[in-house]
1. Sort through Ala33, Ala24, Ala2, Ala72 and tell me the only one that's small (Gly, Ala, Ser) and outside any helix (DSSP H, G or I).
2. Would you say Leu248 is touching a helix residue (DSSP H, G or I) at 6+ places or on another chain (Cβ under 9 Å) and at pLDDT 90 or above?
3. Scan the range 191-244 for residues that are closer than 22 Å to Asp163 by Cα and touching a Lys or Arg at 6+ places or on another chain (Cβ under 8 Å) and jot them down.
4. Of everything in the range 250-274, what is farther than 30 Å from Ala178 by Cα and surrounded by 13 or more Cβ atoms within 10 Å (Cβ to Cβ)? Give them in sequence order.
5. Please verify whether the range 42-53 includes one or more residues that are surrounded by 13 or more Cβ atoms within 10 Å (Cβ to Cβ), at pLDDT 90 or above, outside any helix (DSSP H, G or I) and assigned by TED's automatic domain parsing to the domain that holds Arg136.
6. Go through the range 188-204 and count every residue that is at pLDDT 95 or above and in a loop (DSSP other than H, G, I, E, B).
7. Of the residues Pro272, Pro260, only one is farther than 22 Å from Asp127 by Cβ and more than 19 Å from the chain's Cα centre (by Cα); which?
8. All but one of (1) assigned by TED's automatic domain parsing to the domain that holds Ala258; (2) surrounded by fewer than 17 Cβ atoms within 10 Å (Cβ to Cβ); (3) in contact (Cβ under 8 Å) with a residue 60 or more places away in the chain hold for Ser187; which doesn't?
Amino acid sequence: MAIKLEMLRVFRVVAERGSLAEAAAILHRTPSAVSMTLAQLEDNIGATLFETDRKNRLTKLGEQILAEAVRATDVFASSTEAIARLTRSSGGTVRVTAVPSAIATLLLPVITAFRTTHPEVRLEISDVDSAAVRRRIRFDEADIGILTANADTQGKRVAIKRDVLGIVFRPGGPIARALDDRGAAPSWTLLGLEPLILNPLCGLVDHADIVRLAAACNLQAANTTALLSFVRQGLGATILPESVVTTLGADLGFCRPADPETQRSLDMICNPDRRLSPAAETFWEAVRRHVEAEDRRSARSCPPA
C-alpha cells in the first residue's frame, strides 16, 4: 500500500467540502485531476470512500479514514511551520505563553532588554492559566511556556521563581480594618470577611476556609489585571504572589498569612519533541540568565544568619 500524504490531503478537502468542484477550486486543480487522485487512494486502500459519485456522502470506512487523514495533514502542517521557524535564523517570531502574574513581574524586564538587543525578533506574548500553557506547548501553539510548577509537568523545564502567596485587599475594607484593629499576624481566615475573588492560585492554599470560600464563590478570573481591578472596585479580596506587590500602588493592600505560609513556584517549559528556533533558544537563555542574576542579588541582600 503506497498511500501518499497528498492523497490524504485531497481526500480531506473533498470530504469536508462535499463537492468535487468546490474542492478542486480550493486545491487549484481541475475536477478531473482531483477525481484521479481520489481513485488512486481508493485503489491503494482497496475500497470505495464515498457512497456516490457526487462525493457528498462518505462510506463508514471513509469516515474512519477521514479521521486519520485529518490527523496526518494537521501534523504535517505543524511540522512544516516548525521547520520554517527553524530556518529563520536569529530573526522570526518567538511565541511565549505564561500565567498573567509572570508577565507583569518576571518577564517584563526580560522583554524590555531582549527588544533592545534583538530588535529583529517578533515577540508574541499571551497570558493564560497553567493548564492552557501546557496545552499550547503540547500542540506547538507556543515555543516557551511559563506556568505554576506541577509534578505532572514533563519534558524540558527549568525552575525559575519561587514566590510567597498572600491576600490582596482594598484599604478601608473589612480585611484592612481587621488587620489594623487586631495588630496580630495575618491569617487566611481574614478572607472570610470579604467575598473571595477566585483564581487558580487559590487552589494552592491548604486551608479549610479557602476550600469553603472557593466552593461558594461566584466571581472568578485568571488575569492579574482583572483581579486587581475587581479588588479596587470593592468586589472582594483575592490571593496573588507577593511579587505583584510592586505593581499594586497605594490603593491596594497585601498581607502574608503564615497559617500556613504558601509558596508558588514557576517553571519554564518547552515541547521536548520540538527543537527551539535560534531566536526562541536565545529568549529562553535570556530568561534563565535574568533569574540567575535575580537570585544572586537576593543572596547578596540577605545577611548571613
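1. Ala2
2. Details: touching a helix residue (DSSP H, G or I) at 6+ places or on another chain (Cβ under 9 Å): yes; at pLDDT 90 or above: no.
Taking the combined requirement at face value, the residue does not satisfy it.
3. Taking the range 191-244 first, the residues closer than 22 Å to Asp163 by Cα are 191, 196-211, 214, 220-229, 231, 237-244.
Matches in the range 191-244: Leu201, Leu204, Val231, Ala237, Pro241, Glu242, Ser243.
4. Listed by number, the residues that qualify are Leu266, Asp267, Met268, Ile269, Cys270, Asn271, Arg274.
5. No, the range 42-53 contains no residue that is surrounded by 13 or more Cβ atoms within 10 Å (Cβ to Cβ), at pLDDT 90 or above, outside any helix (DSSP H, G or I) and assigned by TED's automatic domain parsing to the domain that holds Arg136.
6. The qualifying residues number 3.
7. Pro260
8. Only one criterion is unmet by Ser187, namely (2).
The values are calculated or read from the model by the stated rules, or taken from the named source; none is laboratory data. Here the structure is a predicted model, which means the values were calculated and not measured. All Cβ positions, even for glycine, are placed from backbone atoms using ideal geometry, and neighbour counts span all protein chains on display.
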